[in-house]
Amino acid sequence: MKAASIQEIKSAINELDSKKLREVCLRLAKHKKENKELLSYLLFESDNEEEFIQQVKADMEIQFQEVNTSNLYFAKKTFRKILRSTNKHIRFIGSKAAEAELLICYCQLIKKSGIAIKDSVVLMNLYKQQQKKIAAAVATLHEDLQFDFQKNIEAL
């Protein structure tokens, strides 16, 4: 089965009445956990984006406290898990400023974790890749915001 294009879906949604649209949304939410999380964000948390970002940062800090530092392999797996969760929240927000802010926080927490990332090529590449993503996100922002983020980038 071939998926319909966004334009086709958009026109089909416009033709639905509110009751049918509600049923479709609920069915979509029941289908996958990520769909349910996205709907929860859109309905309850998208109005206060700054509070949501602070909540994500707090969750990241808690996850970094639970990193197994006994072995670089386990640390790497946990870092990637945290990054997947962070990227999911970045997709929900859909803002380049939020992306830069969350990824800067992620890199700061990696540095603060006390794990020698320079000893592992994989962890160093992971860290450098996030720095590239931060630079790309900041480059698309307004000059004033770029200046604000530049201070944090230099600290990394």
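Remarks
- Note that segment 104-116 has calculated 3J(HN,Hα) couplings of 5, 4, 4, 5, 5, 5, 5, 5, 6, 5, x, 8, 6 Hz, one per residue in order, obtained from phi through the Karplus relation 6.51 cos²θ - 1.76 cosθ + 1.60 (θ = phi - 60°); glycine and proline are x.
- Helix 72-93 axis, angle to the chain major axis (alpha carbon atoms, nearest 10°): 40
- Taking the chain as a Gaussian network of alpha-carbon nodes connected by springs under 10 Å, the highest mean-square fluctuation of the residues Y73, Y127, Y106 belongs to Y73.
- Taking other C-beta atoms within 10 angstrom as a stand-in for reagent exposure, E154, E23 fall in the order E154, E23, fewest first.
- When you work out D = kT/(6 pi eta Rh) for segment 1-137 at 25 °C and 0.890 mPa s, using the Kirkwood radius from C-alpha pairs as Rh and the Stokes-Einstein form, the result is 143 µm²/s.
- Segment 142-147 - phi-based ³J(HN,Hα) in whole Hz, Karplus 6.51/-1.76/1.60, Gly and Pro as x: 5, 4, 5, 5, 4, 4
- Anisotropy class of segment 39-80 from Cα gyration tensor, a/c 1.5 cut: prolate
- Taking the chain and dividing mean pair separation by its residue count, relative contact order in percent (alpha carbons under 8 Å, at least six apart): 18
- The C-alpha atoms of the chain define a longest principal axis, and helix 121-139 lies at about 60 degrees to it.
- Candidates A97, A137, A29: whichever shows maximal mean-square fluctuation once the chain is modelled as a Gaussian network with Cα springs under 10 Å: A29
- For the chain, calculated [θ]222 nm from helices alone, where every DSSP H run of n ≥ 4 adds -39500 (n - 2.57): -25000 deg cm²/dmol
Just so you know, all these numbers are worked out from the coordinates, no wet-lab data involved. Just so it is clear, the structure is predicted and the values come from calculations on it, not from any experiment. Neighbour counts run over all protein chains shown; Cβ positions are idealised from the backbone, glycine included.
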